[in-house]
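For reference, the structure discussed in these notes is given below.
The values are calculated or read from the model by the stated rules, or taken from the named source; none is laboratory data. Bear in mind the structure is a predicted one, so any value in this text is a computation, not a measurement. Cβ placement follows ideal geometry from the backbone for every residue including glycine, while neighbour counts extend to all protein chains displayed.
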Amino acid sequence: MTADAFLFWFLAALTIISALSVILMTNPIYSALSLAMTMVSVAAIFVTLQAYFLAGVQIIVYAGAVMVLFVMVLMLFDLKHELQAFTRGRFSGAFKIASIGSLAGLLVGAMYSARINSALTESSIAANATSKGAITPLAEELFLRNVFGFEALGVLLLVIAVGTVALSRSKGGTHARH
């Protein structure tokens, strides 16, 4: 077994073990940390494939921003009370199943739509990527043409973070000082 194959199988096993621990852990903080480990190990697999941009995006966006959002949401809720409120009644069970079904339908529809649209845009993206490099058109689109939306999203995420901490510390919040 070569070193590359060993590294791949080690990272694959680490990814699967940490992904399983996300759903098997009873403590939500440990589950969030396991999710972060899953995302980091997927980024490491991207590095072994020499997809450094994808690895960086995986770390910055998912392991960074999404995990901060998860932890802020966990701070907001009194988890013992929320678990009792979330698991009662037949109506809530039927609502959960209907929600999962509609989400699955939306996902299948989005994949079908993306498959149809990808054939139209694939040739224009390939022509643009080969003439300028693979990342340059994406960077130009994001930082030149859509810079206001990019900055507004950053400010919005900052306001969400500050608001979450403020709400969790307010009277009646889950982490209020008594």
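Data overview
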item: Lone unmet requirement of (1) modelled with pLDDT of 70 or more; (2) under 25 Å from Pro28 (Cβ atoms); (3) among the hydroxyl-bearing types (Ser, Thr, Tyr) for Ser170; result: (1)
item: Residues of the range 82-120 satisfying the condition of being of a type outside the set (Gly, Ala, Ser) and at pLDDT below 60; result: Glu82, Leu83, Gln84, Phe86, Thr87, Leu120
item: Filtered residue count, the range 10-23, keeping only those that are under 13 Å from Phe46 (Cα atoms) and either in contact (Cβ under 8 Å) with a residue 60 or more places away in the chain or of a type in the set (A, V, I, L, M, F, W, C) (or both); result: 2
item: Pairs, first under 17 Å from Gly64 (Cβ atoms) and of a type in the set (Gly, Ala, Ser) in the range 143-169, second part of a helix (DSSP H, G or I) and at pLDDT below 80, C-beta under 9 Å, six or more apart; result: Ala161/Val68; Ala161/Leu69; Ala161/Met72
item: Breaking point among (1) modelled with pLDDT of 85 or more; (2) of a type in the set (D, E, K, R); (3) not in a helix (DSSP H, G or I), for Asp4; result: (3)
